[in-house]
Amino acid sequence: MARDRTRRPVSLRDRASYRFDRTLARSTGTLMGWLVITCLAVVVPVSALLAWTDPGSPRSLSGRLTAAWRTSAETLRLGAMTGTPLRMVLSAVLGLVALLCVSTLVGVITNSLAERMAELSRGRSTVLEQGHVVVLGWSDQVTTVVSELIAAQAGRTGRTGRPARRPRAVVLLAERDKTEMERALAAQVGPVGRARLICRSGPASDPAVLALVSPGTASTVLVLPSGGPGADAEVLRILLALRAVIGEGPAGPPVLAAVRDDHYRAPARLAAGPRGTVLETDTVTARLIAQCVGRPGLSLVLRDLLDFAGDEFHVTDATAFHGGPFGAALLGHADSCVIGLLTPQGRTVLNPPADTVVAPGSRLIVVTRDDSAAGPADCRHLVDPSAIAGDRPPPEEPAHLLMLGWNRRAPLVVGQLRRTARPGSVLDVVTDRAVPAPREPEPEPESDSESESESVPEARLAVRFRSAALSRPETLLGLDLTPYDGLVVLGPDPGEGPDRPDDWTLVTLLALRLLEERTGGRELRVVSELTDDRNRPLAPVNPGSDVIVSGELTGLLMAQIAQNRHLAAVFDELFSADGSMICLRPAGTYVRPGSEATFATVVAAARDRGECAIGYRRHDRRTTAPDHGVRLNPHKGERRAWSAEDQVVVITTEAITPTAASPQNAEEHRP
């Protein structure tokens, strides 16, 4: 009885709604029956009302019923034939049959279109393209790669003045929803102009899915590593799937892949085949960080060189210089800067000696806006010998560096600094977690010579570790930065710190900026690493600092190599610790401070020092974003007054190290 008292009374409306829902759930025929009853319940009374209220309708009952029948039949498309009841029934049957056929046809067409649209939205249709670029995988480099490939197609012209041949489409295959990929790329890449961007969804390591993007007819295939822990293993599976789809041998398109760990580079090269190129993202990023510690502003120069918005690397004809010295080619172009040779055997030589003979069949590696601007022009008459500086600068002194934070690239950065530092330099590492020992350097040959013993990496750089709670702002604000010549800020790896690793980096940069103000305005040279390029404008750094986005750097490199395979060797040497490198040197090294001289004079002075000048960076109050005073590939006839604070961008083979303001000597301590 108590249960009956607490039971909520059910209204008539609820009962009717429940019975109606239960009836509709029985079958499709039941639904059709209810639709017929509902239609008749509305159409027949309204048709009768129209017949009885029409002044022109017959006065007799049979006439008005006939008029009501015609109105109902025309509304329901059952036919309006009148006469005997049999004729009316047959007319209704024909109308029902016609309605059934038409409805079925419409349903079939609608379902087919819906299935086709659903298939397209899933991104599983085959791409029938020729000469397109295939990008496999989704990572933080994908937006940079896609945007640069699209920029390479916009407004590019060849020697004939006609648009240069570029891939007609960029096809992206990743294991993500197609609509989500298109929205993400539209938000970050922007309008694609005359280029075409095609997205397909599915695992790129599945040969059946990979065949949908037609990699065999592509001009280039790019394989991007994801951000997960098994990213490098996934790259290997994708490369093996490419071999299964395209086949082995040199007949397929060039393949460009990226791995994070150098242990996967050799297997990836084997899987990529003879036309494959493999980049190590962590190694490239570590080399750039180590180089930027010595020369602030280098990241700005590299970003300008690697994107397609301005001047970049090209390979051009060297017929006019065959048989002559390489030094003559340095002043043989007005709108291009020569930096090296591509030999007839396909070997890349950057910054060769000025007396190197340009052999027939060689080509020049230049920095220029496009191929049409790389024509030869004698610029020797623009050189002013009286403005060239005569004295060489004093050798650089040992440096005292500070590294805040630790991640998987930190051992590589330490290794690079060890190989490029001046003997007697010191690196202090402050981190809030247990630090593994840096990777051991390559063994050096034993020698009794004192000069050779100084080349051992351990003798060049003493590394000291200290633990501190860097996540607390008071710890950062308590640091004494007076003895340091340069700072490196490394954020935590994704998944090992905050949800957004760049948050910790930004907080650290804010604390360093506050310390900079407390020290009386002394400008700190900070090299910081970010994972998301959208956080670059948020980084509170001064013009003398560098912000490096690892994913963006890898994306720019892959986009450049995708357009020209010969550039792979160029970048490999530029980012190595032993080969040629890009360096910013004081302008007083080449021209007398305060003198007015052409850029051809700077090129001639750099040639006499065994270097290739490719631009400069001015320093004045107007030095602001976006170029921060960087000017690459100026016209050889451009004249300007060179100040002591200006810097010249050169390709050099000398090791770069930070300029020490107050060298410190300390013993090495390891954890």
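The values are calculated or read from the model by the stated rules, or taken from the named source; none is laboratory data. Please read all numbers here as calculations on a predicted model, not as lab measurements. Reconstructed Cβ throughout: ideal geometry from the backbone, glycine too, with neighbour counts over all protein chains shown.
Filter segment 508-550 down to the residues that are of a type in the set (D, E, K, R), in a helix (DSSP H, G or I) and more than 29 Å from Asp261 (Cα to Cα), then identify the one that is modelled with the highest pLDDT.
Arg513
Looking at segment 314-333, can you tell me whether even one residue there is under 27 Å from Arg408 (Cα atoms), at pLDDT below 90, of a type in the set (A, V, I, L, M, F, W, C) and surrounded by fewer than 24 Cβ atoms within 10 Å (Cβ to Cβ)? If you could, list the steps in order and put the result at the bottom.
In the first step, residues of segment 314-333 are kept if they are under 27 Å from Arg408 (Cα atoms); the result is none.
Within segment 314-333 (the criterion being under 27 Å from Arg408 (Cα atoms), at pLDDT below 90, of a type in the set (A, V, I, L, M, F, W, C) and surrounded by fewer than 24 Cβ atoms within 10 Å (Cβ to Cβ)), the answer is no, since none of the residues qualifies.
A quick yes/no check of all residues on (1) within 26 Å of Glu175 (Cα to Cα); (2) modelled with pLDDT of 85 or more:
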{"position": "Arg200", "(1), (2)": "yes, yes"}
{"position": "Asp206", "(1), (2)": "yes, yes"}
{"position": "Arg237", "(1), (2)": "yes, yes"}
{"position": "Glu248", "(1), (2)": "yes, no"}
{"position": "Pro254", "(1), (2)": "yes, yes"}
{"position": "Ala272", "(1), (2)": "yes, yes"}
{"position": "Arg295", "(1), (2)": "no, no"}
{"position": "Arg303", "(1), (2)": "no, no"}
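Among the residues of segment 266-289, write down those that are in contact (Cβ under 8 Å) with a residue 12 or more places away in the chain and surrounded by fewer than 18 Cβ atoms within 10 Å (Cβ to Cβ).
Selection gives Pro267, Pro274, Arg275.
Could you pull out the residue among Val570, Val591 that is closer than 26 Å to Pro344 by Cα, buried (at least 17 other Cβ atoms within 10 Å of the Cβ), in contact (Cβ under 8 Å) with a residue 60 or more places away in the chain and of a type in the set (Val, Ile, Thr)?
One residue alone meets the criteria, Val570.
Sort through Val315, Val221, Val301, Val278 and tell me the only one that's of a type in the set (A, V, I, L, M, F, W, C), closer than 25 Å to Gln563 by Cβ and in a helix (DSSP H, G or I).
Val301
Give the residue that is surrounded by the fewest Cβ atoms within 10 Å (Cβ to Cβ), with candidates limited to residues of segment 594-616 that are of a type outside the set (A, V, I, L, M) and touching a Leu at 6+ places or on another chain (Cβ under 6 Å).
Arg607
Out of (1) in contact (Cβ under 8 Å) with a residue 24 or more places away in the chain; (2) among the aliphatic types (A, V, I, L, M); (3) crowded, with 23+ Cβ neighbours inside 10 Å, what's the single condition that is false for Leu514?
All conditions pass for Leu514, except number (3).
Quick one: how many residues across segment 393-428 are in a loop (DSSP other than H, G, I, E, B) and either under 28 Å from Arg609 (Cβ atoms) or of a type in the set (Ser, Thr, Tyr) (or both)?
Final tally of qualifying residues: 11.
Quick one: how many residues across segment 549-571 are within 23 Å of Leu490 (Cα to Cα) and not hydroxyl-bearing (Ser, Thr, Tyr)?
Filtering segment 549-571 down to residues within 23 Å of Leu490 (Cα to Cα) leaves 549-557.
Now restrict to residues that are not hydroxyl-bearing (Ser, Thr, Tyr): 549, 551-553, 555-557.
Total satisfying the criteria: 7.
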